[in-house]
Amino acid sequence: MAASSYDAIPDFGLLYDSVPLYAARRDVAFYVEEAKAARGTVLEVGCGTGRILLPIARAGIPITGIDGSKQMLERCRAKLQGERVELVQHDMRDFDLGAKFDLIIAPFRVIQHLATLDDQLRFLETVARHLAPGGRFVFDVFNPRFDTLVGADGVEREDTPEQRLPDGRTFRRTYRIVRVRWIDQVSEAELVYYVDGKRYVQAFEMRWYLAAELRHLLGRAGFRVLEIYGDFARGPLVDGCPELVPVAEFTG
């Protein structure tokens, strides 16, 4: 398995948990509601440090979390307090857990890290193999704002003002869009972490989708789309909505 880009930065789990934008996201309650409605077992793909996994587990729901980052899983594991949780390190494109789940979730734009069609289809095939009969697959991606994409200029902009970490070190973060590849529908992004003045760059690609494309992609992989919400309050899919949140079932 290839090393995760998250593990190239020291103490990454701590830095991730220190970003206010992540703590302020409104997706946790939505995914907890989905997990309760499933009335069964849950798999979270890209569980990270447990931002969504732990609230689901603490609602009394058995959940398995998979992530490619050793650091993120270690930090998640350290937060456990006896909940029914299994954590597995693996590439999300191709894993075999030997189990099926009533609900599989991929929150916070996980699927946007799959830039090629081959990777997207491999991932969806893997999800389908792990869904129990009647199970659902729920995930989210951002609804692209083309004015923002056109305006990408490569300039670093701060999204986390300087703060003190628990151990006393200073931390702040910036982001920038280095390049937009329009044909590929990919933004080449960088998150820049400054820890006590030392600069760490996490470079990655973000594949963006339109709603019609998601329907076609899921259909090609054998899924039927039951709903696409426009936000985590289950608002309608309309022009300008911030998110695309599909709910799908595998029909083969």
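The values are calculated or read from the model by the stated rules, or taken from the named source; none is laboratory data. Please read these numbers as outputs of a predicted model, since none were measured by experiment. Glycine also receives a Cβ, built like all others from the backbone with ideal geometry; neighbour counts cover every protein chain displayed. Remember, those area values only see protein heavy atoms, side chains included, never the ligands or the DNA or RNA. Shrake-Rupley method; radii C 1.70, N 1.55, O 1.52, S 1.80 Å.
Numbers below:
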{"read-out": "Filtered residues of the stretch 192-218 (kept if modelled with pLDDT of 95 or more, out of contact with any Lys or Arg (no Cβ under 8 Å at 6 or more places or on another chain) and open to solvent by 40 Å² or more (accessible area, probe 1.4 Å))", "value": "Lys198, Arg199, Tyr200, Val201, Ala203, Phe204, Glu205, Leu210, Ala212, Glu213, Arg215, His216"}
{"read-out": "Selected residue (criterion: surrounded by the most Cβ atoms within 10 Å (Cβ to Cβ)) from residues of the stretch 219-236 that are out of contact with any Pro (no Cβ under 7 Å at 6 or more places or on another chain) and hydrophobic (A, V, I, L, M, F, W, C)", "value": "Phe223"}
{"read-out": "Some residue of the stretch 26-42 being under 13 Å from the mean Cα position of the chain (by Cα) and of a type outside the set (Ser, Thr, Tyr)", "value": "yes"}
{"read-out": "Segments classed as helices (runs of 4 or more DSSP H), wholly inside the stretch 1-43, with at least 3 members that are more than 19 Å from Leu73 (Cβ to Cβ)", "value": "20-23, 28-38"}
{"read-out": "Lone unmet requirement of (1) buried (at least 20 other Cβ atoms within 10 Å of the Cβ); (2) at pLDDT below 95; (3) of a type outside the set (S, T, N, Q) for Tyr16", "value": "(2)"}
{"read-out": "Single match in Gln163, Gln202 (criterion: touching a residue at least 40 places away in the same chain (Cβ under 8 Å), within 27 Å of Phe123 (Cα to Cα) and polar (S, T, N, Q))", "value": "Gln202"}
{"read-out": "Cross-chain or 6+ apart pairs with Cβ under 6 Å, the stretch 100-115 first and in contact (Cβ under 8 Å) with a residue 40 or more places away in the chain and closer than 21 Å to Ala132 by Cβ, then among the charged types (D, E, K, R) and in a strand (DSSP E or B)", "value": "Leu103/Arg136; Ile105/Glu44"}
{"read-out": "Residues being within 15 Å of Ala212 (Cβ to Cβ) and surrounded by fewer than 19 Cβ atoms within 10 Å (Cβ to Cβ) - total across the stretch 237-248", "value": "4"}
